[in-house]
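Q: The structure under discussion is supplied below as structure tokens; questions concerning it will follow.
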Amino acid sequence: MKPTTRDKLLRVGAKAIVAALTRPRVKGRDVPRLPAADPFAGEARLAMEPCRAGNVLVLERPVARLPERLLQRLAGIVMRRELRGVPLEAGDVILRDRTTLVVLPAALADQVAEEAAEAIAFEEFTAEQVNQGGGVYGLHIPSGERAKTAFAQWRRIKGK
């Protein structure tokens, strides 16, 4: 996974990623309402041997003691039971925000992260328009010409 994809996933969070997954009609890939934890994102590994820096290790059962060098390299650890039946293959991307875990098919990770980041940026843009007292007519549909032009202009000004 590209570092930019990881950064986008962590920035936008699970809710935006779940919404973006509906476009390619991928559903049922999230586990909501988990106990609070620190966010992480990385490619899933189902065994310790192939783990590289930034991977997420998926364990079938708790391990008494993992090597310290391995723990320092990992983005996170997930127990298989936490997935609650969500399909997972080695190389899929796991995003864990504060309370939700999402599994993205490896082939869709970059695209979904980009779409979610765009959706969040557009939400920021429309919220700013409303807060400044501007009208939002024509802005509620991101594919409209007026919205595209105004959004592109806003992005140039904001550097986003």
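The values are calculated or read from the model by the stated rules, or taken from the named source; none is laboratory data. Not measured: the values here are computed from a predicted model. Because the Cβ atoms are built from the backbone with ideal geometry, glycine has one as well, and the counts that use them run over all protein chains shown. Only protein heavy atoms, including side chains, enter the accessible area calculation; ligands, DNA and RNA are left aside. Shrake-Rupley method; radii C 1.70, N 1.55, O 1.52, S 1.80 Å.
Q: Of all residues in region 54-75, how many are farther than 23 Å from Ile17 by Cα and small (Gly, Ala, Ser)?
A: Matching residues across region 54-75 total 1.
Q: Now for a different question. Scan region 29-44 for residues that are in a loop (DSSP other than H, G, I, E, B) and closer than 15 Å to Leu108 by Cα and jot them down.
A: Arg29, the sole residue that qualifies.
Q: Is at least one residue of region 59-71 among the small types (Gly, Ala, Ser) and either open to solvent by less than 50 Å² (accessible area, probe 1.4 Å) or touching a Cys at 6+ places or on another chain (Cβ under 9 Å) (or both)?
A: no
Q: Could you tell me whether any residue of region 5-26 is more than 23 Å from Phe122 (Cβ to Cβ) and either open to solvent by 30 Å² or more (accessible area, probe 1.4 Å) or touching a Cys at 6+ places or on another chain (Cβ under 9 Å) (or both)?
A: Scanning region 5-26, I find no residue that is more than 23 Å from Phe122 (Cβ to Cβ) and either open to solvent by 30 Å² or more (accessible area, probe 1.4 Å) or touching a Cys at 6+ places or on another chain (Cβ under 9 Å) (or both), so the answer is no.
Q: Do you know which of the residues in region 73-96 that are open to solvent by 30 Å² or more (accessible area, probe 1.4 Å) and in a helix (DSSP H, G or I) is nearest to Ala41 (Cα to Cα)?
A: Once the filter is applied, the top-ranked residue is Arg73.
Q: For region 40-58, enumerate the residues that are touching a residue at least 40 places away in the same chain (Cβ under 8 Å) and open to solvent by 70 Å² or more (accessible area, probe 1.4 Å).
A: Leu46
Q: Just one of the numbered conditions (1) in a loop (DSSP other than H, G, I, E, B); (2) open to solvent by 40 Å² or more (accessible area, probe 1.4 Å); (3) in contact with a helix residue (DSSP H, G or I) (Cβ under 6 Å, 6 or more places away or on another chain) is not true of Glu115; which one?
A: So the condition that Glu115 fails would be (1).
Q: Can you tell me which residues in region 35-51 are modelled with pLDDT under 95 and in contact with a helix residue (DSSP H, G or I) (Cβ under 7 Å, 6 or more places away or on another chain)?
A: Met48, Cys51
Q: Within region 97-109, work out how many residues are in contact with a helix residue (DSSP H, G or I) (Cβ under 9 Å, 6 or more places away or on another chain), farther than 13 Å from Val12 by Cβ and either in a helix (DSSP H, G or I) or of a type in the set (Val, Ile, Thr) (or both).
A: Of the residues in that region, 3 qualify.
Q: Check Thr149, Thr126, Thr100 and return the single one that is closer than 16 Å to Ile17 by Cα and either hydroxyl-bearing (Ser, Thr, Tyr) or open to solvent by 60 Å² or more (accessible area, probe 1.4 Å) (or both).
A: Thr100
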